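Notes follow the structure.
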Amino acid sequence: MKVLIRNLSRSTTEATILDMFQAYGGVQSCNLVMDKKTGGSKGFGFVEMPNPGEAKAAIKSLNNLNFEGSVIRVKKAENKV
C-alpha cells in the first residue's frame, strides 16, 4: 500500500521517515519529494508498505503526530489516473 506523508518539516530526511515507518513493519520504498531548484524538501513524501495491515496501523498511529516540529498528515495515497 502506498502512503502519503504531508506537512513534513523541511529538515526531515528519507532516513528519518524510513525509521518512523519501519517501526510498524516492512517498507518497500521511501521517497521524499525534493524541489529541483533549491534541492530542499517540498514537505511531503511517499512510503510503500507491502503489507496493507501494517500500512493501516502506521497511518492510524502517525496521522496528526507532531514530528520534528510539524504536525504531519498521513493517509493512503490516491492512485493517479
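We did not get these values from a lab; they are worked out from the coordinates using the rules stated. Please read these numbers as outputs of a predicted model, since none were measured by experiment. All Cβ positions, even for glycine, are placed from backbone atoms using ideal geometry, and neighbour counts span all protein chains on display.
Past 21 Å, Cα to Cα: identify those pairs from Lys37/Lys75; Lys36/Lys60; Lys42/Lys75, in the order given.
Details: Lys37/Lys75 27 Å; Lys36/Lys60 31 Å; Lys42/Lys75 17 Å.
Lys37/Lys75; Lys36/Lys60, as the Cα separations exceed 21 Å there.
Each label point was placed 7 Å from the Cα along the Cα-to-Cβ direction; for Ser9 and Lys75 their separation is 2.4 nm.
Here the gap between Asn51 and Lys37, fully extended at 0.36 nm per residue and compared with their Cα-Cα distance, gives a gain of 1.5 nm. Taking only the Cα atoms of the chain, the radius of gyration and Dmax are 11.9, 37 Å. Angle of helix 52-62 to the longest C-alpha principal axis of the chain, folded into 0 to 90 degrees and rounded to 10: 50°. When Lys and Arg each count +1 and Asp and Glu each count -1, what net charge do the other residues less than 11 Å away from Ser70, Cβ to Cβ, add up to? Combined, the nearby Lys, Arg, Asp and Glu give +2.
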